[in-house]
Every structure is written in structure tokens, then in C-alpha cells.
Protein chains: 2
Amino acid sequence: MEELKMTPWDVSGELNDSAYTKLVEKFGVDLINEKLIERIGKIAKGKIHPFLKRSIFFAHRELNLVLDDYEKGRPFYLYTGRGPSGKMHIGHLLPFSFTLWLQKTFDVHLLIQLTDDEKFMVKDISKTAIEKYTNENIIDILSLGFDPKKTHIIKDYESAKMMYYYATDVAKHVTFSTVKAVFGVTDSDNIGKVFFPSMQIVPAFLLSALTGQKMRCLIPYAIDQDPYFRVARDVLPKLGYYKPSAIISKFLPALQGSSAKMSSSKEESAIFLDDSREVVRKKLMKYAFSGGKDTAEEQRKYGANPDMDFSFLEYSFLEEDQKKVDQVYNDYKSGKILSGEMKEIAANKISSFLETLSDNREKVKDRIDDYILDPKKIKL
Amino acid sequence: MEELKMTPWDVSGELNDSAYTKLVEKFGVDLINEKLIERIGKIAKGKIHPFLKRSIFFAHRELNLVLDDYEKGRPFYLYTGRGPSGKMHIGHLLPFSFTLWLQKTFDVHLLIQLTDDEKFMVKDISKTAIEKYTNENIIDILSLGFDPKKTHIIKDYESAKMMYYYATDVAKHVTFSTVKAVFGVTDSDNIGKVFFPSMQIVPAFLLSALTGQKMRCLIPYAIDQDPYFRVARDVLPKLGYYKPSAIISKFLPALQGSSAKMSSSKEESAIFLDDSREVVRKKLMKYAFSGGKDTAEEQRKYGANPDMDFSFLEYSFLEEDQKKVDQVYNDYKSGKILSGEMKEIAANKISSFLETLSDNREKVKDRIDDYILDPKKIKL
């Protein structure tokens, strides 16, 4: 089995439970336990997001301090981001839908950073292409339905006057040795990649800096982004801010069942947001990793393993009616539902979701400017 | 004798003729010879700047190609800069007066970069202090009398949206290894210092980038800044621009005759732009390194060495009437003028110069905005 290698720019190797356990130890994060989920559940009036229920978001750093602040009526804010080097697939978008759930649950401000600068410097891609993806990705993200009053988009290049100004505060406190040790950057990497962590760390204190109100920042991210926020936790107190808190996810299940990230490099490797109903169906039928048995007969007899079935999992992420999900889970597990049927159910759910996004996209695409971070418009 | 150590941030050791000869070889620059000075002299209608005459600007890179372009009626532009971490002394300002002479001689555009970001990241100094020095330094520089239509100031922080955008083009082509080798940066330096060369290289192609017209850029700088432009010469052709040309100076003579740079850390180590007539006189009398003899008697008998006399040199940089300079040179050398008299002559000249600057400063200080680089206002 290939050993796991992970930086924010590359993941290779097997990402199974034991790999995650090792990462938790190595990075020094805490697991999200039942008690913490219950505590969130109370605030969310019992509606726990499937990503918490299914341990997709499975680890955290000082999430309890954020909840303490919330319960005491102190403000905090959320920060998440996206590296815009390609079209978004469903595996890219779902974490934003989790962030949206957090935003709605806690009624807080949210910064969304588009790291166009990073992608330009780290990938063999033109600024023109990056800009196109950046603007498309923003529309995709916003089509989930974020509140324009509390959601603030940062395009690094567009906001560079502000971002670079604060990034130098971070950079002054981070040595090359640290970046080498934490990110696995080498001497032959370019100096833009070396500097970039400063830019990704800025939003972790930016809302405090801009408003003059010291607030905690909660950052939902996939575990490969952890190096940024380990460094952030070291630097931010030196600048007079709180260490950022984190809620950390595993990688989402990939269409073809690879245990690494869903890749965005090949059309058939993921379900893209502009895939038609027919294409979604075909991709599931042809590629989707199944937890079911090889033949209908065996499936009827032994049932499926829904917990590793791409189609069931996607369905479970998108179906809001928990009773329906439980029913499908049980029926699939017992063998009452066949693999092909599970794929049909998922295809319908995914396609409906994509169609809703598509409708929203039309509404949101001329309103992007309302979402671009403007320090003067922030109302805590 | 202490061996010379030089980076853009630190110079220590003896800077004598043999040290400069070694640097010329090490950096691979060409000496400015008589023929080149003659060629410039023709364009300048015989008025050669004292810095060329006295070999303060002594080396170059492809200055001939700039002159070729000029003679063929093709545009080029000038770029120089200042790290605003303190008050300016006369040794800081005189190179700008040379640049002004170049601008007038060739009637070309000039970019002046204030590297406030660099100074913040490299020195133990606050952003507030840096900002104060930046604005003061700009007024000092502009008080020399630059043409607002062709002189464009860049404050890195203020212009970071534009500067960072282009800096990432540079950064993508520069590895940490290169910065290590060329600048002597180490693993324990901060990542802002590592990235910064990208920012200092931008103005070497910025006017071409902003106007869409590919032009040569001629950069006057002191030899400690050479690493930036060696890297620039490697990177710019990859971005579709000309390698920048250079006209390179030695360090100016220091008040106390140290062969290193005039320091700005101690009041008595240099003549500052706000020094009163009385202070200038006192500093020269008390500290100025003299090429004269120890006693009046010996001086009368053997004469002085004006070429290493701080007071004579400053006088020669500031007196526009070449005949007067020659007269003073001969009289000092022959012993007709005593050291104290030479100091009086220089004190008067310097003080008059500072008083003119002071008057100009009042006129210029409310017009700074006219000089800040605005891409829309550039008229080639």
C-alpha cells in the first residue's frame, strides 16, 4: 500500500481510517466527539448536518472556545476558501454547503478567499485562465445561497492592496525553515509559493483587523490545508489576535472510490456542476464506486455496504429528510435496493441539486459585486 | 583589513578601489569608460554630471543599448528607488539628483519605488514609523524638482494591488535557491524577505507592462542593489521584456571617511536634509574626513588630497560651475586653501543646497498626489 504523502498542493497514497488517525496525531488536532456534536446540535435545534453525522468533518481545534463565545453572545466569524484552478465538481462544492449551514446556524459573518495568486504561482496555468475559473467558481459557490450582508468574497489579486499589507505582518513572523518543515516546500520551489502562506493566513484575522473588534475565527477546511492554520495559530497571537479555531474534514468520497481527493483534472473522475441529468446518470452507472455486491442475486442475499458507496453517500449529503435517508440506508444495506437502483436514486437527487444551483446561478451572477469584501460595508 | 561583505541589507568591511574591482568582476558588470562618457556628453551637450566625471557612477550593464535606442528615437525609461526606514541624509539624496540629471538629459519617464514593505519586513520597525518616513522621504526626493508629468512614485503598500499582481509573475520564475545564492538569504530569514525581490524587480518592466509598449529600462543604483537586477535580467526576457540596463554607483564618501556607506543611524554620522547652517558647519568642522594635512604649515607646504576629502567632494557634487570647482581643486591641492577654509566653502555650498530644498519642499508637499503612479495618466 502506498504511503500517504500530503501537502496542500499534492496528496498521494491511501487515505483510509488509519491514515486519518495518523494525521490527527501528527497534526495534533482533536477528534469531534459525541458531546461536541450534541452541543452543536442544541444550537442547531437538532438539525445536525450530515457531514457531522457521518464524520466527514471529524476533527477540530478549539471549536469549544468558539461555542463558548457564541453562547456568551460574543461575535465570531467563519473563513473558508477555494483555489480556483479549474471547474468545480460536487466534491468541491459540498464543503461550502457545510459552511453555509454553519453560517445559518450561528448567524455569523463569513470570509471566502479565492487564492488566484496561489494557483498562478503553483500551477502551470495562465492568469487569464485563473481569472476565468475564479469568476466561475465564485458564481458556483454563491449559487448555494449565501447571505450577501454577511458573506464577503476575497479575490487575492483584486484585494491585494489590503491582503498584501496584512500578509507582510504574517510574513515577518514566518521563516523559510518553518515553511520548509510545515509545508514540505524545498529550495527549488519558487519564492511566490514560499510567501503564499502569508496570504492564506490573513483572512484568519482580517475581520478583527478591519473592524477593530477582536473575534475568534472558525475555519472549516479539509485536512490537507492544516499546515496553513498550524502556522496561523503560532503567528496570530504575536499580532494580537486569537489563534484561529478549526473544524476539519476528511476528503470527500471520490466517484471512482479512490481514497484520495476527487480529481478535477479528468471529466470522468468527478461529477461537475454543469453535468446534465443524463451525464450524471451515466457517470454514476459507469464509474461510481459501489458498496453493493457484484450480482443482483448476491445483493439481495447479503445487502450492500452503504458507508462506502459513492451514490448512497452523495444522496445522504443532499437529502434533507433524515427519515428518507435512514430508509434508503436500511433498504440498501438489507439488499432490498440494488446497486443500480441506488445509483438511480442518487442520480435523481444530485441532478435536482445541480438544477437548483443552475437556477440560482442565473440569479446570482449579476450580483457578485455585492459579495466582494468591502471593509466599509461590514456590519457586525 | 576586514573583508568586504555586501548584501542589499548589510555592508561591512573596507570599500576601497580593489574591493570595487573585485565586485565588478564578481557581478560581471562593465566599467564606464571614456568613450561611453563622451557619448553621453554629446547627448548632454557637454554637461557631464560630476558623478560621472568623478567615477561615482563607474559601472554599467548594456547602457550602450539604451543609448542606441535613444539615438534611434525609441523610448526608454528610468527606474530608481529608496528604502524608507529613516530620515534622508545628503548621501541618500545626491543619487536622486543624478537620476534627475539623467531624466532631464534624455527627457524620459522615471519610476521611483518606495519599498515600505521591504523595510517593514527586514527591519525592527513599525508600519506607522515606516509610513511617516515614506511620506517624508518622498517630499525630500521631489524637492529636487522632478517633472510631475514624467515622474511616477510607487509606494509598494499603496500600489500593492498592481505591484503584487506583477510580482507574482516574477516570483513564479525565481526559486528560493536563487535568492539564497544571489542575496545571501538563509533558511532563518522571514518569507517576506525571501519574496521581496519580486517586488523590487517589478518596476524594471512595469512601464512596458502598463503601456503595452516594450521599452528598455535604465536603472541607476548603488552596487549593493545589484543582486536584484541580476535576477531581473534573468527573469524579464521570460516575461517578454528587455533585460534592464544599469548604471551603477560606488557608495558616496561618508562624512567620517569610513569607506562604507554613510550611516543613517547616528545623527553625527551624516549631514541630514534638515540640518541647519550652523549644524552643517559644526559637523564638517568636527567630523568631516579631510584630505588636508594636519597643520596649516604642512598644508601650505605639501597641499591636500582633494579626491579623498569629504568637504571638497560634496562641494564638487553641488557646484554647477565647473571652472569654480577646478579652481578650488587646484588651490586646495596646492596648499593655497587650508582644510578649515575648504570646510567653510563646502558648508556654505551644502547649506545653500539644503535651503533650496527646504523652499522647494514647501511647494511640493501638497502636490504629492500628482506624482503617485497612475496607469491612466501615463503619456509616453
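No lab work stands behind these numbers, since they all come straight from the coordinates. Predicted model, so just to flag it, every value in this text is computed and none were measured. Note that each Cβ is placed from the backbone with ideal geometry, even for glycine, and that neighbours are counted across all protein chains shown.
Please give, to one decimal in nm, the separation of the simple spin-label points placed at residue B:161 and residue A:268, each 7 Å out from Cα toward the Cβ.
With each label point 7 Å from Cα toward Cβ, the separation is 4.5 nm.
Roughly speaking, what % of Cα-Cα pairs in the range B:263-363 are separated by over 17 Å, rounded to a whole number? Present the calculation step by step, with values, prior to reporting the outcome.
Values: 2588 of 5050 pairs.
Within the range B:263-363, distances greater than 17 Å cover 51 percent of Cα pairs.
Grab the beta carbon distance between residue A:286 and residue B:234, set R0 = 60 Å, and tell me the FRET efficiency rounded to 0.05.
Numbers: r = 49 Å, r/R0 = 0.82.
Efficiency for this residue pair is about 0.75.
Determine the gain in length on full extension of the stretch residue B:16-residue B:277; use 0.36 nm per residue of separation and subtract their C-alpha separation, reporting nm with one decimal.
Full extension from residue B:16 to residue B:277 adds 90.9 nm.
Find which of B:237, B:220, B:37 sits farthest along the positive direction of the dipole of the range B:5-254, computed with +1 on the beta-carbon of Lys and Arg, -1 on that of Asp and Glu, about the Cα centre.
After comparing all options, I get B:37.
Rounded to the nearest 20 Debye, what is the dipole magnitude of the range A:263-363 about its Cα centre when Lys and Arg each give +1 and Asp and Glu each give -1 at the C-beta?
My answer is approximately 200 debye.
Measure up A:127/A:155; A:119/A:365; A:127/A:150; A:123/A:193; B:87/B:155; A:180/B:161 against 19 Å on the Cα-Cα distance and list the ones that go over. Write down the numbers at each step before the final one.
Values: A:127/A:155 13 Å; A:119/A:365 23 Å; A:127/A:150 29 Å; A:123/A:193 10 Å; B:87/B:155 16 Å; A:180/B:161 27 Å.
Over 19 Å apart, Cα to Cα: A:119/A:365; A:127/A:150; A:180/B:161.
Binning every alpha carbon pair distance of chain B at 10 Å from zero, what are the percents per bin?
5, 23, 33, 26, 10, 2, 0
For chain A, modelled as a Gaussian network with Cα springs under 10 Å, which listed residue fluctuates most, A:286, A:155, A:349?
Between A:286, A:155, A:349, it is A:286 that shows the largest mean-square fluctuation.
Lysine pairs in the range B:263-363 with alpha-carbon atoms under 16 Å apart, 8 or more places apart or on different chains: how many are there?
Pairs that pass both the separation and distance tests number 21.
Can you find, among B:186, A:253, A:85, the residue farthest towards the positive end of the dipole of the protein assembly as shown? Put +1 on the C-beta of Lys and Arg, -1 on that of Asp and Glu.
Positive-end residue among those listed: A:85.
Could you sort A:110-120, B:18-28 so that the peptide with the highest average Cβ count within 10 Å comes first and the rest follow in order?
Packing proxy ranking, top to bottom: A:110-120, B:18-28.
I'd like the Karplus ³J(HN,Hα) series for the range B:46-56: coefficients 6.51, -1.76, 1.60, θ = phi - 60°, whole numbers in Hz, and an x wherever there's a Gly or Pro.
Taking θ as phi minus 60°, the curve returns x, 8, 8, 5, x, 5, 7, 4, 9, 6, 5 Hz for the range B:46-56.
Give the nm distances, rounded to one decimal, from residue B:131 to the matching residue in every other copy, measuring between label points 7 Å along Cα toward the beta carbon; shortest first.
Inter-copy label distances (nm, one decimal, shortest first): 3.0.
Translational D (Stokes-Einstein, µm²/s) of the range B:86-206 at 25 °C and 0.890 mPa s when Rh comes from the Kirkwood sum over C-alpha pairs?
The estimated diffusion coefficient comes to 156 µm²/s.
Provide an ascending nm list, one decimal, of label-point separations from residue B:344 to the equivalent residue in each further copy; define each label point as 7 Å from Cα along Cα→Cβ.
Taking the point 7 Å beyond Cα along Cα→Cβ, the inter-copy spacings are 11.1 nm.
Calculate the dipole size of the protein assembly as shown relative to its Cα centre from +1 charges on Lys and Arg beta carbons and -1 charges on Asp and Glu beta carbons; express the result in debye to the nearest 20. Let's see the in-between values first.
Values: 114 positive and 110 negative charges, 172 e Å.
In debye, rounded to 20, the protein assembly as shown gives about 820.
What size of dipole, in debye to the nearest 20, comes out for the range A:5-254 about its Cα centre when the only charges are +1 on Lys and Arg C-beta atoms and -1 on Asp and Glu C-beta atoms? Could the numbers behind the result be given before it?
On the way: 34 positive and 28 negative charges, 123 e Å.
Here the range A:5-254 has a charge dipole of around 600 debye.
For the range A:163-229, what is the largest minus smallest coordinate of the Cα atoms on each principal axis, given in angstrom and ordered from greatest to least?
So the three principal-axis extents are 40, 26, 15 Å.
Report the per residue volume, in Å³, of the convex hull enclosing the C-alpha atoms of the protein assembly as shown. Let's see the in-between values first.
Numbers: hull volume 133.1 nm³, N = 760.
Once divided by residue count, the hull of the protein assembly as shown is 175 Å³.
Can you give the relative contact order of chain A as a percent, counting alpha carbon pairs under 8 Å and 6+ residues apart?
Relative contact order here is 19 percent.
Choose one answer from B:156, B:187, B:107: the residue with the largest mean-square fluctuation in a GNM of chain B with alpha-carbon springs under 10 Å.
B:187
Using each residue's phi in the range B:268-274, evaluate 6.51 cos²θ - 1.76 cosθ + 1.60 at θ = phi - 60° and report the 3J(HN,Hα) Karplus result to the nearest Hz, with x for Gly and Pro.
Working through the residues one at a time gives 7, 8, 7, 9, 8, 5, 9 Hz.
What Kirkwood radius, in Å to one decimal, follows from the Cα pairs of the range B:1-96? Provide the component values of the computation, followed by the final result.
Details: mean 1/r = 0.0630 Å⁻¹.
One decimal place: 15.9 Å for the Kirkwood radius.
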